[in-house]
Amino acid sequence: QILEDRKVDYILLISSNYLIKDILLNLKTKIINAHCAFLPRHRSLDSLPWSVVAGDQLGITTHFIDSGIDTGDILLFEEIKPFENEDLISFRKKLDDQIPMVLYKTIIKLENNGIIPKKQKADEGIKHRVMTNAEFEFAQKLFKERITK
């Protein structure tokens with residue numbers, strides 16, 4: 001009720017292990033998520049290291065939240081390049097530090113009609129599972145090889 005009374009346009013979501021319930025999804029207020037991987041390709045948990053394994057772009061995608069897992073309309077992708085001295089953990093922190101600016105850019109562009117939300121198709125992406133320690137170490141190795149090239 002507070003959101004409707006105050007005519008809030010957007011809720012910003014940075015990270016959540018929970019699905020947003022219909023009571024919020026059915027409001028006029030739109031929920032925007034910042035996802036640390038390229039959508040629609042890499043959905044769900046550990047999407048950053050899975051992106052490395054796949055050799056895909058690295059960065060932050062903003063998208064509207066819907067009832068699925070990272071399946072809402074895509075708003076913006078901001079590619080972020082790693083530095084040579086980074087590992088996956090420090091790079092993820094760098095992505096997290098960039099989220100406020102990427103969300104700000106998204107909102108400004110939405111308000112100025114500079115973004116046309118792009119629908120995702122269910123079959124476009126991969127819903128990842130949490131990586132095992134061995135898989136993460138492999139992703140870490142690939143990440144180091146990638147940034148030293």
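The values are calculated or read from the model by the stated rules, or taken from the named source; none is laboratory data. It should be emphasised that the depicted structure is a prediction, and the values quoted were computed from it without experimental measurement. Methodologically, a virtual Cβ is constructed for each residue, glycine included, from the backbone with ideal geometry; neighbour enumeration extends over all protein chains shown. Only protein heavy atoms, including side chains, enter the accessible area calculation; ligands, DNA and RNA are left aside. Shrake-Rupley method; radii C 1.70, N 1.55, O 1.52, S 1.80 Å.
Of note:
- Residue match in the range 74-84 (condition: out of contact with any Leu (no Cβ under 7 Å at 6 or more places or on another chain), exposed (fewer than 15 other Cβ atoms within 10 Å of the Cβ) and in a helix (DSSP H, G or I)): no
- For beta carbons closer than 8 Å, sequence separation of 6+ or different chains, a first residue in the range 94-119 that is at positive phi and open to solvent by 100 Å² or more (accessible area, probe 1.4 Å) and a second that is outside any strand (DSSP E or B) and among the β-branched types (V, I, T), there are no qualifying pairs.
- Exactly one residue out of I11, I32, I108, I89 is at pLDDT 95 or above, β-branched (V, I, T) and assigned to a strand (DSSP E or B), and it is I32.
- Scanning the range 35-52 for residues that are under 19 Å from P82 (Cβ atoms), open to solvent by less than 40 Å² (accessible area, probe 1.4 Å) and not in a loop (DSSP other than H, G, I, E, B) yields H35, H42, S47, L48, P49, S51, V52.
- Only listed residue being surrounded by fewer than 17 Cβ atoms within 10 Å (Cβ to Cβ) and among the aliphatic types (A, V, I, L, M), chosen from L58, L25: L25
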